[in-house]
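Q: A single structure is presented below for examination.
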């Protein structure tokens, strides 16, 4: 004999199942989403997409000229000086945490490694060091930025730590004609991984470029201060995403590109955080999501019982909802 509670639960599930069978379909020429009572729409989330990132965790490899550099990068070395310990190299190299007794230590903010250059005690040794990224394809990007963490001195009268651009995407020194940022032009003081430095690359949207971290001293002298770099990322904002999630037999979501740019290779993920017996995480890629178009992603069947939360990530947009599972049925709240 079924209890009143069981009968009510079954009725609710049947109603919910019927409602979710009538899912909204793609609207080819409209941004409008037909919403059901069981849906919640998330609008205006941060939808920045990662074009390139580097935290220097991978071992460095020989570049095109045989100098050690992050995989895919180039390292133009001027000062070959070593002092018995490779951690104190006077050109770009990879290093773990570096501890100082009387000031803030240089501890990588992302992972266990960072890129570094130390000063050369031989003051007449020229340090003119370049660490150059792979080619960066910005042809489909808008509002592109570079963000990185920096540990050294601002406002030095001798040392220059620069972010330079090669508009042609070539990698020799003379190709880097544009200087985006120079630490010597900042207000004097120490900057020890205090906050990310963010620079606009929007001028180069629609093209392919390379970036260089260029470090040198005035004249032909050696540096006065060490420098550490970590957690470098290049991102773009390719448009806004609107997400509508719904339950029923599993979890699905509609996503609309409300921006003006077509999106490609949009990664999505549906994760059930607890209370699930089968299918707690589903992932996939939307190959193309044209501007103004809508598509539906399906998380497949889930098997669970009880209360939980579900997190839906599409690109860098994220939505978390409370959920109740009753075997293969999901109710979002």
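Q: Residue 246: more than 29 Å from residue 167 (Cβ to Cβ) and assigned by TED's automatic domain parsing to the domain that holds residue 281, yes or no? Working first, answer last.
A: Values: more than 29 Å from residue 167 (Cβ to Cβ): yes; assigned by TED's automatic domain parsing to the domain that holds residue 281: yes.
For residue 246, the condition - more than 29 Å from residue 167 (Cβ to Cβ) and assigned by TED's automatic domain parsing to the domain that holds residue 281 - is met.
Q: I'd like to know if the range 57-80 contains one or more residues that are assigned to a loop (DSSP other than H, G, I, E, B), over 28 Å from residue 149 (Cβ atoms), modelled with pLDDT under 80 and in contact with a strand residue (DSSP E or B) (Cβ under 9 Å, 6 or more places away or on another chain).
A: Filtering the range 57-80 down to residues assigned to a loop (DSSP other than H, G, I, E, B) leaves 57-60, 63-67, 70-73, 77-80.
From what's left, over 28 Å from residue 149 (Cβ atoms): 66.
Those left that are additionally modelled with pLDDT under 80: none.
No; the residues of the range 57-80 include none that is assigned to a loop (DSSP other than H, G, I, E, B), over 28 Å from residue 149 (Cβ atoms), modelled with pLDDT under 80 and in contact with a strand residue (DSSP E or B) (Cβ under 9 Å, 6 or more places away or on another chain).
Q: Confirm whether residue 213 is in contact (Cβ under 8 Å) with a residue 40 or more places away in the chain and under 22 Å from residue 173 (Cβ atoms). Before you say what the answer is, go through the steps one by one.
A: Details: in contact (Cβ under 8 Å) with a residue 40 or more places away in the chain: yes; under 22 Å from residue 173 (Cβ atoms): yes.
When the stated conditions are applied, residue 213 passes them.
Q: For residue 255, state whether it is in contact with a strand residue (DSSP E or B) (Cβ under 9 Å, 6 or more places away or on another chain), surrounded by 21 or more Cβ atoms within 10 Å (Cβ to Cβ) and farther than 30 Å from residue 284 by Cβ. Lay out the reasoning, then the answer.
A: On the way: in contact with a strand residue (DSSP E or B) (Cβ under 9 Å, 6 or more places away or on another chain): yes; surrounded by 21 or more Cβ atoms within 10 Å (Cβ to Cβ): yes; farther than 30 Å from residue 284 by Cβ: no.
No: the conditions fail for residue 255.
Q: When you scan the range 184-196, do you find a residue that is under 25 Å from residue 72 (Cβ atoms), under 17 Å from the mean Cα position of the chain (by Cα), in the same structural domain as residue 53 (by TED's automatic domain parsing) and surrounded by fewer than 21 Cβ atoms within 10 Å (Cβ to Cβ), even just one?
A: Taking the range 184-196 first, the residues under 25 Å from residue 72 (Cβ atoms) are 193, 196.
After this cut, where a residue has to be under 17 Å from the mean Cα position of the chain (by Cα) as well, the list is 196.
From what's left, in the same structural domain as residue 53 (by TED's automatic domain parsing): 196.
If we keep only those that are surrounded by fewer than 21 Cβ atoms within 10 Å (Cβ to Cβ) as well, we get 196.
The answer is yes; a qualifying residue exists.
Q: Taking residue 174 as the residue in question, decide whether it is without any contact (Cβ under 8 Å) to a residue 12 or more places away in the chain and either assigned by TED's automatic domain parsing to the domain that holds residue 92 or more than 28 Å from residue 318 (Cβ to Cβ) (or both).
A: Numbers: without any contact (Cβ under 8 Å) to a residue 12 or more places away in the chain: yes; either assigned by TED's automatic domain parsing to the domain that holds residue 92 or more than 28 Å from residue 318 (Cβ to Cβ) (or both): yes.
Yes: the conditions hold for residue 174.
Q: Can you tell me which residue in the range 115-125 is modelled with the lowest pLDDT, limited to those that are buried (at least 16 other Cβ atoms within 10 Å of the Cβ) and not in a strand (DSSP E or B)? Step through it out loud before you land on a result.
A: Narrowing the range 115-125 to residues buried (at least 16 other Cβ atoms within 10 Å of the Cβ): 115-120, 125.
Filter again for not in a strand (DSSP E or B), leaving 118-120, 125.
Numbers: 118: 90, 119: 85, 120: 83, 125: 80.
The residue in question is 125.
Q: Ok, one more. Can you tell me how many residues within the range 200-236 are more than 19 Å from the chain's Cα centre (by Cα), part of a loop (DSSP other than H, G, I, E, B) and surrounded by fewer than 23 Cβ atoms within 10 Å (Cβ to Cβ)?
A: 10
Q: Then there is this: Which of the residues belonging to the range 131-167 are in contact with a helix residue (DSSP H, G or I) (Cβ under 6 Å, 6 or more places away or on another chain) and either part of a strand (DSSP E or B) or free of Cβ contacts under 8 Å to residues at least 24 places away in the same chain (or both)?
A: 154, 160, 161, 166
The values are calculated or read from the model by the stated rules, or taken from the named source; none is laboratory data. Everything numeric here is computed off the predicted structure, so don't read it as measured data. Note that each Cβ is placed from the backbone with ideal geometry, even for glycine, and that neighbours are counted across all protein chains shown.
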